[in-house]
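The values are calculated or read from the model by the stated rules, or taken from the named source; none is laboratory data. Keep in mind that what you see is a predicted model, and the values were worked out from it rather than measured. So basically every Cβ, Gly included, is an ideal-geometry build from the backbone, and we count neighbours across all protein chains shown. Just the protein is used for accessible areas: all its heavy atoms, side chains included, with ligands, DNA and RNA removed. Shrake-Rupley method; radii C 1.70, N 1.55, O 1.52, S 1.80 Å.
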Amino acid sequence: AFQKAIEHNAIDPVAWNGMGDVYSRSEYVDDAIAAYRKSIELAPVLPHPWNGLGEVYARSGRPNEAVVAFQKAIKLNKHFILPWLGLARLYTKQERYRDAGRAYQQALGLDPQNSEIWNELGCIHLKAARPEDAIEAFAKAIDLDRGFGWAYSNLALAHANTERVQESIPLYLKSLDLLRDPEQRNTTWNRLANAYRLVNDYDKAIHAYQMADSHT
């Protein structure tokens with residue numbers, strides 16, 4: 001469809017950006033970059049192809065170019081949330097947790113009701129050894145989405161990291177009631193097993209480890 005649009009109008013920047021998105025999702029890196037660059041050439045003030053470039057560069061191990069592209073997209077439209085998220089995830093991968101946290105906060109300024117972003121911010125706080133901040137972020141994610149099973153699991157882990165292990169156990173169990181993703185369930189069973197072990201409930205710990213093993 002995008003090729004047809006370009007055949008009819010070879011200077012359509014939106015169609016070229018769409019081509020870049022398709023190539024990017026298909027892992028055709030060079031073709032994606034070329035399409036995004038063509039879109040930028042035709043419409044230098046369009047932020048979307050800059051964000052697309054950032055995503056491609058981030059996935060293909062070109063972090064410096066990715067940062068430049070995301071920042072260009074933000075400069076063109078400060079209310080465009082995707083490049084803020086792209087920056088946050090790139091900084092997380094680089095273990096630049098302070099910068100990642102700031103980028104997530106910028107994203108939340110644009111979409112404060114997004115439970116997924118609150119959960120990701122909580123994960124950053126955990127990686128940066130700030131469990132109390134993590135608890136606050138995960139609790140906010142749950143307030144916004146009571147069915148968010150992974151946020152319950154992460155909240156439980158944050159409590160366990162502050163030595164409130166007993167408080168973590170019912171949160172893990174609640175998480176398991178809600179989670180459907182096999183990998184997240186497996187991780188949560190392992191976390192629950194560790195919690196039971198720390199409170200010396202070895203029978204339940206063994207059962208939880210067995211449940212985790214049965215889903216690997």
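Starting from segment 103-132, keep only residues that are of a type in the set (Lys, Arg), then list their pairs with residues that are open to solvent by 40 Å² or more (accessible area, probe 1.4 Å) whose Cβ atoms are within a distance under 8 Å, requiring at least 6 positions of separation or different chains.
Pairs that qualify, where the first residue is of a type in the set (Lys, Arg) and the partner is open to solvent by 40 Å² or more (accessible area, probe 1.4 Å), are 127/95; 127/97.
Looking at the structure I just gave you, is residue 36 part of a helix (DSSP H, G or I) and in contact with a Pro (Cβ under 6 Å, 6 or more places away or on another chain)?
yes
Kindly provide the set of residues from segment 151-210 that are outside any helix (DSSP H, G or I) and under 20 Å from residue 127 (Cβ atoms), ordered by number.
Of everything in segment 151-210, those that are outside any helix (DSSP H, G or I) and under 20 Å from residue 127 (Cβ atoms) turn out to be 162, 163, 164.
Among the residues of segment 71-80, which ones are assigned to a helix (DSSP H, G or I) and more than 14 Å from residue 100 (Cα to Cα)?
72, 73, 74, 75, 76
With the condition kept exactly as written, say whether any residue in segment 19-29 is of a type in the set (Lys, Arg), under 30 Å from residue 125 (Cα atoms), assigned to a helix (DSSP H, G or I) and touching a residue at least 12 places away in the same chain (Cβ under 8 Å).
No, because not a single residue in segment 19-29 is of a type in the set (Lys, Arg), under 30 Å from residue 125 (Cα atoms), assigned to a helix (DSSP H, G or I) and touching a residue at least 12 places away in the same chain (Cβ under 8 Å).
Does residue 82 satisfy the condition of being open to solvent by 70 Å² or more (accessible area, probe 1.4 Å) and hydrophobic (A, V, I, L, M, F, W, C)?
The answer is yes for residue 82.
Of all residues in segment 117-150 being assigned to a helix (DSSP H, G or I) and among the charged types (D, E, K, R), which is farthest from residue 93 (Cα to Cα)?
Top of the filtered list is 143.
From the list 173, 179, pick out the single residue that is under 21 Å from the mean Cα position of the chain (by Cα) and either over 22 Å from residue 129 (Cα atoms) or among the small types (Gly, Ala, Ser) (or both).
179
Return yes when residue 86 is part of a loop (DSSP other than H, G, I, E, B) and either small (Gly, Ala, Ser) or touching a His at 6+ places or on another chain (Cβ under 7 Å) (or both) and no when it is not.
No.
Name the residues in segment 188-216 that are of a type in the set (Val, Ile, Thr), within 21 Å of residue 158 (Cβ to Cβ) and surrounded by fewer than 18 Cβ atoms within 10 Å (Cβ to Cβ), would you?
199, the sole residue that qualifies.
How about segment 42-70: which of its residues are in contact (Cβ under 8 Å) with a residue 12 or more places away in the chain and more than 23 Å from residue 103 (Cβ to Cβ)?
Scanning segment 42-70 gives 42, 43.
If a residue must be among the basic types (Lys, Arg) and exposed (fewer than 15 other Cβ atoms within 10 Å of the Cβ), how many such residues does segment 91-138 contain?
Residues meeting the conditions: 3.
Tell me which residues, restricted to segment 1-41, are among the aliphatic types (A, V, I, L, M), under 21 Å from residue 65 (Cα atoms) and surrounded by fewer than 17 Cβ atoms within 10 Å (Cβ to Cβ).
Listed by number, the residues that qualify are 22, 29, 34.
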